[in-house]
Amino acid sequence: MSTPTLTAPAAAPSLAWSDDIALGHEAIDQTHMEFVALLADAEMADDEALLPKLQELITHTIDHFGREDQWMAATQFAPVNCHGMQHRVVLQTLDELMRRGRDDGELQLVRDILPELGKWFTQHAQTMDAALAAHLDSVGFDPATGQMAAPQALPAEAIAGCGGSSCAS
Ligand SMILES: [Fe+2]
Ligand SMILES: [Fe+2]
């Protein structure tokens, strides 16, 4: 059996909560604060804790994306839309990263990808999630109850794009 390589935790988390990523939507911001904290925990973990922390981050992210997908489905997004597609791609990437960390012992790869996930998240929050937050507010959607105060504000056509600048439609 080969001895696992010792890898070093990050000197500091790559992403901190700030006004740059706050969207002013309570439910989304709360979830995003959790994401930022779990990402930092994973980045700062020692070798033994790294994969358990990655798993916590993945578990959170399944829930986090699942909720946003549900809110989209409830407010006239098409079943396939670019925001939901991006969620799926990121979850597949995280699954593959966990597999390579767990089965192939590639802990350094995990450490290298985590800050990239942080960069992706910043961009995603500022575009797709920001557009979703504005859309939810425009129809008065209450995430706690799933009720809409202004369903008449829903668009007539199902939304296949994401409303963000990163999406063509
Ligand atoms: Fe999000
Ligand atoms: Fe999202």
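Going by what's in this entry, would Ser14 be described as surrounded by fewer than 14 Cβ atoms within 10 Å (Cβ to Cβ), among the hydroxyl-bearing types (Ser, Thr, Tyr) and assigned to a loop (DSSP other than H, G, I, E, B)?
no
Quick one: which of Gly140, Gly146 is free of Cβ contacts under 8 Å to residues at least 24 places away in the same chain, more than 12 Å from ligand 1 (Cβ to nearest atom) and among the small types (Gly, Ala, Ser)?
Gly140
Would you pick out the residues in the stretch 37-53 that are out of contact with any His (no Cβ under 6 Å at 6 or more places or on another chain) and either without any contact (Cβ under 8 Å) to a residue 60 or more places away in the chain or aromatic (Phe, Trp, Tyr) (or both)?
Ala37, Ala40, Asp41, Met44, Ala45, Asp46, Glu48, Ala49, Leu51, Pro52, Lys53
Among (1) in contact (Cβ under 8 Å) with a residue 12 or more places away in the chain; (2) exposed (fewer than 15 other Cβ atoms within 10 Å of the Cβ); (3) closer than 30 Å to Pro9 by Cβ, there is one condition Leu107 misses while meeting the rest; what is its number?
Tallying (1) in contact (Cβ under 8 Å) with a residue 12 or more places away in the chain; (2) exposed (fewer than 15 other Cβ atoms within 10 Å of the Cβ); (3) closer than 30 Å to Pro9 by Cβ, Leu107 fails exactly one: (2).
Each reported figure results from applying straightforward, stated rules to the coordinates on display, with no laboratory input. Note that the structure is predicted; figures quoted are calculated from it, not measured. Cβ coordinates were reconstructed from backbone atoms using ideal geometry, including for glycine residues, and neighbour counts include every protein chain displayed.
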